[in-house]
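Before I ask anything, here is the structure I am working with.
The values are calculated or read from the model by the stated rules, or taken from the named source; none is laboratory data. Please read these numbers as outputs of a predicted model, since none were measured by experiment. Every residue, glycine among them, receives a Cβ derived from its backbone with ideal geometry; neighbour counts consider all protein chains shown.
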Amino acid sequence: MRAQLLTQAGRPLAAADLPEPRPGPGQLLIAVKACAICRTDLHILDGELPDPKLPLVLGHEIVGTVVERAPDADRFAIGDRVGVPWLGWTCGVCDYCRGGRENLCDRARFTGYQIDGGYAELTVADQRYCFAIDPRFADVAAAPLLCAGLIGYRTLRLAGEGQRIGIYGFGAAAHIIAQVARHQGRQVFAFTRPGDVAAQTFARSLGAVWTGGSDETPPEPLDAALIFAPVGALVPAALAATRKGGTVVCGGIHMSDIPSFPYRLLWEERVVRSVANLTRRDAEEFLALAPKAGIGTATIAYPLAEANRALADLRNGALQGAAVLVP
Ligand SMILES: [Zn+2]
Ligand SMILES: [Zn+2]
């Protein structure tokens with residue numbers, strides 16, 4: 001099968017012709033129809049996340065069709081369309097798994113990181129971590145739901161019930177979560193790179209009530225802020241824009257160092273927290289909500305062979321929405 005392969009951190013992906021993977025116990029063989037590109041893929045490519053499987057097929061926002069099943073894998077039928085997210089396997093027995101926090105499993109394994117992912121024509125996945133995709137979403141449109149949507153949803157959930165939600169970094173996750181927040185009757189304040197008029201126009205088209213640069217102060221204090229850009233300096237900026245008792249949630253897996261800041265920015269019970277990974281419950285809730293909320297995704301499709309160009313466009317901030325590879 002054709003694949004785009006990471007052989008070493010810091011190197012571009014290489015086109016490869018790999019043997020077809022075989023489904024092991026509990027696994028499905030899936031013909032990939034679309035795989036969205038996540039900023040985490042760039043962090044793995046750049047060597048910012050430790051110990052990836054190498055060589056590695058990146059990609060953890062996979063939409064595909066079941067073409068073969070292990071004898072014990074009967075959750076889906078041949079021909080069913082499924083989505084495969086970042087969380088690829090958990091142990092089920094550690095304290096975190098048993099406590100409903102499988103996203104923090106001590107032995108968790110992740111798609112497109114420790115397990116080969118979706119930058120390929122075929123992939124295998126544990127059926128327990130595959131999800132049905134609503135028919136209202138076409139393959140390419142559905143792909144960004146699998147991480148930008150899911151982890152964005154968890155980020156919003158952990159921000160609490162506040163009405164005024166700031167979103168820093170208006171990329172793939174933000175453009176989906178702004179729609180969810182609006183569906184829930186909240187107000188979205190979108191912060192972009194200073195002077196990024198295109199991103200601000202994009203945010204307003206998705207219902208943001210205010211847009212500005214990340215160095216600007218919103219007209220009213222925020223109840224909570226979500227940070228999707230991998231920029232540590234946004235943490236004190238977001239705290240400064242957040243009211244007493246508010247929460248700043250960091251939604252990414254990697255961030256540049258957070259600069260020191262005066263304690264008064266945290267004082268008055270403001271909270272800074274991160275979000276790690278997702279649970280299957282997050283996936284089920286969000287994938288049921290997305291069609292009901294009328295979520296639309298903005299996508300830019302690239303042929304699989306042009307994965308390096310798509311990654312470069314994401315790195316350069318040239319995208320309004322999500323890049324999606326199509327084999
Ligand atoms: Zn991701
Ligand atoms: Zn576990």
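Within segment 291-317, take every residue that is assigned to a helix (DSSP H, G or I) and small (G, A, S) and give me the one that is farthest from the chain's Cα centre (by Cα).
Among residues in segment 291-317 that are assigned to a helix (DSSP H, G or I) and small (G, A, S), the one farthest from the chain's Cα centre (by Cα) is A305.
Take segment 148-168 and flag every residue that is of a type in the set (K, R) and either over 14 Å from R182 (Cβ atoms) or at pLDDT below 95 (or both).
R154, R157
Just one of A208, A225, A229, A237 is of a type outside the set (D, E, K, R), outside any loop (DSSP other than H, G, I, E, B) and closer than 16 Å to V188 by Cβ; which is it?
Working: A208 fails: outside any loop (DSSP other than H, G, I, E, B); A229 fails: outside any loop (DSSP other than H, G, I, E, B); A237 fails: closer than 16 Å to V188 by Cβ.
None of the others qualify; the one that does is A225.
Return the total of residues in segment 235-266 being closer than 23 Å to I151 by Cα and either aromatic (F, W, Y) or under 19 Å from the mean Cα position of the chain (by Cα) (or both).
Residues that pass the stated criteria total 9.
Let me ask something else about it. Quick check on my filter: what residues within segment 246-269 are out of contact with any Asp or Glu (no Cβ under 7 Å at 6 or more places or on another chain), of a type outside the set (A, V, I, L, M, F, W, C) and in a strand (DSSP E or B)?
Filtering segment 246-269 down to residues out of contact with any Asp or Glu (no Cβ under 7 Å at 6 or more places or on another chain) leaves 247-253, 255-269.
In the following step, the residues that additionally are of a type outside the set (A, V, I, L, M, F, W, C) were identified as 247, 251-252, 256-257, 259-260, 262-264, 268-269.
Across segment 246-269, the qualifying residue is only T247.
Another question, if that's okay. Filter segment 68-109 down to the residues that are within 16 Å of ligand 1 (Cβ to nearest atom) and in contact with a Pro (Cβ under 7 Å, 6 or more places away or on another chain) and list them by number.
none
If the Cβ limit is 9 Å and pairs must be 6+ apart or interchain, which residue in segment 249-260 that is without any contact (Cβ under 8 Å) to a residue 12 or more places away in the chain pairs with which residue that is surrounded by 14 or more Cβ atoms within 10 Å (Cβ to Cβ) and of a type outside the set (S, T, Y)?
Listed by first residue and then by second, the contacts come to S260/P236.
Name the single residue, out of those in segment 37-67 being in a strand (DSSP E or B) and either more than 16 Å from the chain's Cα centre (by Cα) or modelled with pLDDT under 95 (or both), that is nearest to M255 (Cα to Cα).
In the first step, residues of segment 37-67 are kept if they are in a strand (DSSP E or B); the result is 56, 62-67.
Now narrow it down to the ones that are either more than 16 Å from the chain's Cα centre (by Cα) or modelled with pLDDT under 95 (or both): 56, 64-67.
Working: L56: 22, G64: 31, T65: 34, V66: 35, V67: 38 Å.
Checked segment 37-67; the qualifying residue nearest to M255 (Cα to Cα) is L56.
While we're here: Of the conditions (1) surrounded by 15 or more Cβ atoms within 10 Å (Cβ to Cβ); (2) part of a loop (DSSP other than H, G, I, E, B); (3) more than 16 Å from ligand 1 (Cβ to nearest atom); (4) among the hydrophobic types (A, V, I, L, M, F, W, C), L28 fails just one. Which one is it?
Among (1) surrounded by 15 or more Cβ atoms within 10 Å (Cβ to Cβ); (2) part of a loop (DSSP other than H, G, I, E, B); (3) more than 16 Å from ligand 1 (Cβ to nearest atom); (4) among the hydrophobic types (A, V, I, L, M, F, W, C), the lone unmet condition for L28 is (2).
Further, regarding this structure: In segment 54-67, which residues are farther than 24 Å from R281 by Cβ and within 16 Å of ligand 1 (Cβ to nearest atom)? Break it down stepwise before answering.
In the first step, residues of segment 54-67 are kept if they are farther than 24 Å from R281 by Cβ; the result is 54-58, 65, 67.
Those that are farther than 24 Å from R281 by Cβ and within 16 Å of ligand 1 (Cβ to nearest atom): L56, V57, L58.
Residues R243, R182: which one is outside any loop (DSSP other than H, G, I, E, B), farther than 25 Å from L278 by Cβ and of a type in the set (K, R)? Give the steps one after another, and end with the answer.
Details: R182 fails: farther than 25 Å from L278 by Cβ.
So the residue among R243, R182 that is outside any loop (DSSP other than H, G, I, E, B), farther than 25 Å from L278 by Cβ and of a type in the set (K, R) is R243.
Please specify each residue of segment 81-112 satisfying the condition of being within 15 Å of D126 (Cβ to Cβ) and either more than 25 Å from the chain's Cα centre (by Cα) or more than 10 Å from ligand 2 (Cβ to nearest atom) (or both). Write out each step before concluding.
Taking segment 81-112 first, the residues within 15 Å of D126 (Cβ to Cβ) are 82-92, 97, 102, 105, 107-112.
Within segment 81-112, V82, G83, V84, P85, W86, L87, G88, R109, F110, T111, G112 meet the criteria.
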